Amino acid sequence: MKQRLILFISAILMLSSCGKQLDLFPHSGISPDAVTADDLPALRLGMYNNMQNDPKVHSFITFDILGGNLTGSSGNPLDIINSTLSPLNSIVAASWNGYFSALFQVNNIISICESLPASEVRNRTLGEAYYFRGLIYFNLVTRWGDVPILRKNTLEKPFRKPVTEVWAFVEENLNQAAALLGTSESYYYVSADAVTALRARVMLSQGKMTEATTYAESLITSGKYKLDAFEKIFRKLGNTEVIFAFENISEESSINISDLFYTYAHPNKGQGTYKPARDVVDSYAANDNRKNISIVNIAGTECINKYPSGQTGRDPVIISRIAEMYLISAEAQGRLNGIGRLNQLRSFRGLVNLTVSNDDSYIDAILLERKRELLAENFMYHDLIRLGKAIKNLGILSHQTLLPIPGRELQLNGNLIPNPGY
């Protein structure tokens, strides 16, 4: 996106006052029935903006916060895990509200596109909307488990649907997206490959290892992507790694991850809210060529270094890249068949090949490599949950394997049942 352009497609707002009703038509909105194919480019950019901004900055690092990768002032990762996992926590509430706010706009665009005749721009916009709806529901189900499924916007108070139905809905949307999308003008726009990458992640999350392998390998062997240097990937240089990312340019973005990681002593300044946990820092060998871009020491304090702008600008937010596909393939194929992919990644990052004697040790090796490779990219908590290692590794309670439904949402909608334990 090269400009900030948001077109809100709103339902008519009905307010009552002194027994009268007033129809309000915001100047920035038009009725969905009035939209034509000529409006789709603006709608499309608005959708990208909503997807990028509505869930708020912490949503892009929640799984690092909860996965033990980060610490706060106490230096103990469990302290920020416990403080975050509260129904009253603002991070939890902002993410929940943000995902459903983005869903409102995505559902509007799907409804509009489905009412228009097929064309290149209509099909592309609809395919992107289906991808985004799949991504939204992936984020919802991996955080809260059972969640309402909203195919269309509604004023009704919805009930939560079982996890199995939510996963099926994610797959349905990605299937629809794949049927409509091809290549994109850059990796800052959704492509068929971005759909495939998310499909691989979705299948791995459900334990569908054959499908996860197929999707991941199709990207690895496509010839379109290659492992690349971290200084290219995370310094906004041309690279062969990224499959899809939000461009996140300053003019349109409220998402400043770097500000949460750099301290004020850094030349670009920052709040320094979160630091990498000690075990994360120690996990990088001296010859690991990811180390300096992943972590930097600023005046004696270790800081996450993947987002370099500090308070001075914005950095792209990567949603999928080819290294994740190597890790998915390595895990999904199992120890005997997958270790080759794991060692290919390790070798490219400057590390020696591993020899692993049993399956449990192999999963631990995969997790450690995911921690080093995908630090601050929003993976670890979900990785530990799906592999059944969160309670032991993090020291959390059994109910903390799901996020709490925000307290205000429970008050507003009595049909929402709290997650047990909260």
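For the pair S74/N297, report the inter-label distance in nm, with labels modelled 7 Å from Cα in the Cβ direction.
Going from the S74 label point to the N297 one covers 2.7 nm.
Using alpha carbon centroids, what distance separates segment 199-238 and segment 148-170, in Å?
Here the answer is 28 Å between Cα centres.
How many percent of the accessible area of the chain is carbon or sulfur, using a 1.4 Å probe?
About 53 percent, which is the carbon plus sulfur part of the accessible surface.
Name the shape class, rounded, prolate or oblate, that the alpha-carbon gyration tensor gives for segment 244-350, where a ≥ b ≥ c are the square roots of its eigenvalues, rounded holds for a/c under 1.5, and otherwise prolate holds if a/b is larger than b/c and oblate otherwise.
Oblate is the answer for segment 244-350, as a/c is 1.5 or above yet b/c matches or exceeds a/b.
When the Kirkwood hydrodynamic radius is evaluated over all pairs of different C-alpha atoms of segment 139-222, what value in angstrom, to one decimal, is obtained?
Evaluated over segment 139-222, this radius sits at 14.2 Å.
List residues of segment 335-360, by number, whose backbone nitrogen lies under 12 Å from a label position 7 Å along Cα→C-beta of N287.
Under 12 Å, as judged by backbone N against the label point of N287, lie 347-354 of segment 335-360.
Please compute the per residue accessible area over the chain with all protein chains in place, 1.4 Å probe, rounded to a whole number of Å².
Accessible surface, normalised per residue, equals 42 Å².
Springs between alpha-carbon atoms under 10 Å, Gaussian network over the chain: tell me which of P77, P276, P158 tops the mean-square fluctuations.
P158
How high is the FRET efficiency from A168 to N123, r the C-beta distance, R0 22 Å, rounded to 0.05?
Computed FRET efficiency for A168 and N123: 0.40.
Quick check: net charge around L180, other residues with Cβ under 12 Å of its Cβ, Lys/Arg +1 and Asp/Glu -1?
Taking every other residue near L180 into account, the sum is -1.
Could you list, bin by bin from short to long, the percent of Cα-Cα pairs of segment 279-407 in 10 Å steps?
Computed distribution, short to long bins: 10, 36, 35, 16, 2.
Here are a few candidate values for Cα Rg over 2.2 N^0.38 Å: [x] 1.35; [y] 1.95; [z] 0.98. Which one was actually calculated from the structure I just gave you?
So the calculated entry is the one marked [z].
Using only the heavy atoms of the protein chains and a 1.4 Å probe, how would K226, K232, K371 rank by accessible area, largest first?
Sorted descending by solvent-accessible area, the residues read K226, K232, K371.
Which order do H58, H266 take when ranked by solvent-accessible area (1.4 Å probe, heavy atoms of all protein chains), largest first?
The most accessible residue leads, giving H58, H266.
Using mean Cβ contacts within 10 Å as the protection proxy, how do 290-301, 212-223 order, highest first?
212-223, 290-301
Which residue, F63, F230, F159, has the most motion in a Gaussian network model of the chain that connects Cα atoms within less than 10 Å?
Residue with maximal mean-square fluctuation among F63, F230, F159: F159.
The values are calculated or read from the model by the stated rules, or taken from the named source; none is laboratory data. Given the structure is predicted, the values throughout are model-derived calculations rather than measurements. Note: ideal-geometry Cβ built from the backbone for every residue, glycine included; neighbour counts use all protein chains shown. Just so you know, the surface numbers come from the protein's heavy atoms only, side chains and all, with ligands and any DNA or RNA stripped out. Shrake-Rupley method; radii C 1.70, N 1.55, O 1.52, S 1.80 Å.
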